[in-house]
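**Q** A single structure is presented below for examination.
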Amino acid sequence: MNPHVIALDQGTTSSRAIVFDASGRIVSLAQHPFPQIYPHPGWVEHDPMTILYTQMDSLSEAFRRSGLPREDIAAIGITNQRETTIVWDKATGRPVYNAIVWQCRRTAPLCEQLRQEGWEEKVREKTGLLIDAYFSGTKLRWILDNVPGARERAERGELLFGTVDTWLIWNLTGGKAHVTDYSNACRTMLFNINTLEWDRELCEALRIPLCMLPKVVSNSEEYGTLTAHIMGLDELQGVPICGAAGDQQAALLGQGCLFPGEAKNTYGTGCFAVMNTGAVRPVSRNGLLSCVAWGVGGKVDYCLEGSVFNAGSTVQWMRDELHLIQSAEETQTLAESVEDNGGVYLVSAFTGLGAPHWDMYARGAIVGLTRGTTRAHIARAGLEGIAYQVTDLVRAMEQDAGAPMQILRVDGGASVNRFLMQFQADILRCPIDRPAMVETTALGAAFLAGLYAGVWSNMTDIIRIRESNCIFRPKMDAQLARDYVDRWHRAVERAKAWEQ
Ligand code: ADP
């Protein structure tokens, strides 16, 4: 027996499956993108059946490509886009509406109403979250309010709610398991992260019947087994599904951040920074979110989370809208072709600024232009602006956690950019550690499943599995770095409160 684990990585734009061996190496991979549905400006939906089918196709393809015999597949783990909300008929499995995606802003007015009714403090205290359309609670309420008959049917116990982990597990187990894990539950705005239970008061406030909510389970235990009558997956029948975590928490684990103070940042379209805070439920004074990282073997770890709304998207903007560059990689060559930013700062507040600035009315700004400014300076300022925003976020985390960051582990599409990583180390004043295997999210999910299935025996095994590819250390003079950060903050002030 040569045990392997398959991770299902259900993301916002594609469903993927990756087969890992016991040393955490990728054996095979399959991926299927799927369409985004935009019914109105600011609304985003997915077809739940498409999510399911693309995920099942990826699973069977990845397994086939691995060339492994069935008995070598020890377990399946799941990681997923968080907050995305699905409601379906318990008897037929048919969704009553499309999945409302985390990015969807349709419930912003309802959130405003909740704020006006004074729920903010209670929501923060109970769930660790801010009231925002991002989280599942108001999306679920919207479906109950807007799909004809949905509320009555939900109250009669005929409908089930789930985030994407729940939807996949329910379907893959042939409707036997209706569960969600702590890391997904804590993003619904319905889950009390202190008591680790659905919160009755919040469910009542949002008029969500408790009977439609999944059972909350740990991140590493058997939820059920893959059932035979799923097309194309006959061979995998009986494989236990025994690990799940939302994408950011899975990445935190995949990066080996097991201990308080350890953190990762993902440089994708936006940036997601997460810091492990251990057994202590964190309280943020800087507008960061408090979440459950995972619960394994009866022990729950918490984390702090914050995001930069526009990171890699700044690079896309420079490429697609400004036509300043032809490819994302070109930003590195351009940035390295000049000695410094020439005094130019680019604040990519295209959709406002998140933690710790929290200014929804901020808009993008390029300041410090002179007649000598070249496109290289602007490209460089674009990359530097990402690093500055991450630095602001990490400083907020350090304040909340009461300890300085020792090392920041990184992943995501833009983490391949050498200039960006070095500048990040220079400004943040701590080493930046990029792993050899960048599929940290999938690895985290595989690890949770493999841990239960006995492929790995201990949480700390993840530390052995993860290998560094490159460590970027601060090289810039510390005073110069401080001066740059001061200038950056002057630029941020100019971008703030722009839109009325
Ligand atoms: P997501 O998961 O959010 O779709 P990815 O992790 O796939 O994002 O990263 C894609 C992002 O990374 C894009 O916004 C792209 O502009 C950026 N990116 C990719 N390669 C580079 C690079 N070499 N330098 C800077 N940014 C890059």
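**Q** When you take every Cα atom in the chain, what is the radius of gyration, and what is Dmax, the widest Cα pair distance, in Å?
**A** 22.4, 69
**Q** Further question on the same structure: Return the FRET efficiency for the residue pair LYS496, GLN237: r is the Cβ-Cβ distance, R0 is 56 Å, and the value is rounded to the nearest 0.05.
**A** FRET efficiency, LYS496 to GLN237: 0.50.
**Q** When only C-alpha pairs under 8 Å and at least 6 residues apart count, what is the relative contact order of the range 4-247, in percent?
**A** It comes to 20 percent, rounded to a whole number.
**Q** In addition: As an exercise, take the mean of 1/r over every pair of distinct alpha carbons in the range 4-247, invert it, and state the Kirkwood radius in angstroms.
**A** For the range 4-247, inverting the mean 1/r across all distinct Cα pairs yields 18.3 Å.
**Q** Can I ask one more? If packing is taken as the average count of other Cβ atoms within 10 Å, what order do 97-109, 156-168 fall into, highest mean first?
**A** 156-168, 97-109
**Q** Taking the dipole about the Cα centre of the chain, with the C-beta of Lys and Arg at +1 and of Asp and Glu at -1, give me whichever of PRO214, ALA379, GLN36 is farthest to the positive side.
**A** It is ALA379.
**Q** A further question on this structure: So how far, in whole Å, is the C-alpha centre of the range 216-292 from the one of the range 1-57?
**A** 15 Å
**Q** Now for a different question. Any idea what log10 I(q)/I(0) is at q = 0.20 Å⁻¹ for the range 101-187, Debye with uniform C-alpha scatterers and no solvent?
**A** For the requested q values the scattering log ratios are -1.09.
**Q** Please report the antiparallel percentage of DSSP beta bridges with both residues in the chain, rounded to the nearest 5.
**A** The antiparallel proportion sits near 70 percent.
**Q** Can you compute the charge dipole magnitude of the range 4-247 about its Cα centre, using +1 on each Lys and Arg Cβ and -1 on each Asp and Glu Cβ, nothing else charged? Give it in debye, rounded to the nearest 20.
**A** 300 debye
**Q** Report, in whole Å, the centroid distance computed from the Cα atoms of the range 99-171 and the range 475-500.
**A** After rounding, the separation between the Cα centres reads 37 Å.
**Q** In the structure shown, do any of LYS122/LYS264; LYS122/LYS215; LYS90/LYS139; LYS90/LYS215 have a Cα-Cα gap over 26 Å, and if so which?
**A** From LYS122/LYS264; LYS122/LYS215; LYS90/LYS139; LYS90/LYS215, over 26 Å: LYS122/LYS264.
**Q** Here's a follow-up. Using a basic spin-label model with each label point 7 Å from the Cα along Cα→Cβ, how many nm lie between ASP486 and THR195?
**A** Between ASP486 and THR195, the simple spin-label model gives 5.1 nm.
**Q** What size of dipole, in debye to the nearest 20, comes out for the chain about its Cα centre when the only charges are +1 on Lys and Arg C-beta atoms and -1 on Asp and Glu C-beta atoms?
**A** Here the size comes out at about 420 debye.
**Q** Which one of GLY368, THR331, CYS303 is farthest out on the positive end of the charge dipole of the chain, using unit charges on Cβ (Lys, Arg +1; Asp, Glu -1) and the Cα centre as origin?
**A** Towards the positive end, the residue furthest out is GLY368.
**Q** Calculate, axis by axis, the spread of Cα positions in the range 381-427 along the three principal axes, and write the results as whole Å, longest axis first.
**A** Between the extreme Cα coordinates on each principal axis of the range 381-427 lie 30, 20, 17 Å.
**Q** Related question: Multiply the residue separation of PHE350 and LEU210 by 0.36 nm, subtract the distance between their alpha-carbon atoms, and state the gained length in nm to one decimal.
**A** Full extension of this stretch gives 46.6 nm more.
**Q** Given R₀ = 25 Å, FRET efficiency for GLU71-ALA436 by Cβ-Cβ distance, to 0.05?
**A** Calculated transfer efficiency: 0.30.
**Q** Cut-off 18 Å, label point 7 angstrom out along Cα-to-Cβ of ILE471: give me the residues of the range 402-429 whose amide nitrogen falls inside.
**A** Residues passing the 18 Å test: 404-411, 421-429.
**Q** Going by average Cβ neighbours within 10 Å, how do the peptides 36-46, 261-271, 427-437 rank, with the highest at the top?
**A** Most protected by this proxy first, the peptides run 261-271, 427-437, 36-46.
**Q** I would also like to ask the following. Compute the whole-percent fraction of alpha carbon pairs in the range 187-294 spaced more than 16 Å apart.
**A** It works out to 70 percent of all Cα pairs.
**Q** Can you grab the distance from the C-alpha centre of the range 67-87 to the C-alpha centre of the range 356-423, Å, no decimals?
**A** A separation of 34 Å, based on Cα centres.
**Q** Along Cα→Cβ, 7 Å out, is where each label goes; now give me the distance between the ones at ARG371 and TRP358 in nm to one decimal.
**A** 4.5 nm
**Q** Return the calculated 222 nm mean residue ellipticity for the chain, to the nearest 500 deg cm²/dmol, obtained by summing -39500 (n - 2.57) across DSSP H runs with n ≥ 4 and dividing by the residue count.
**A** Here the helix-only value at 222 nm equals -10500 deg cm²/dmol.
**Q** Highest first, please rank the peptides 176-183, 313-320, 474-481, 52-59 by the mean number of other Cβ atoms sitting within 10 Å of their residues.
**A** 176-183, 52-59, 313-320, 474-481
**Q** Here is a further query. How high is the FRET efficiency from ARG94 to GLU321, r the C-beta distance, R0 51 Å, rounded to 0.05?
**A** Efficiency at R0 = 51 Å is approximately 0.80.
Readers should treat all values here as calculations from the given coordinates under stated rules, not as data from a laboratory. In this text, all values refer to a predicted model and were calculated from it rather than measured experimentally. Cβ atoms come from the backbone with ideal geometry, glycine included; neighbour counts cover every protein chain shown.
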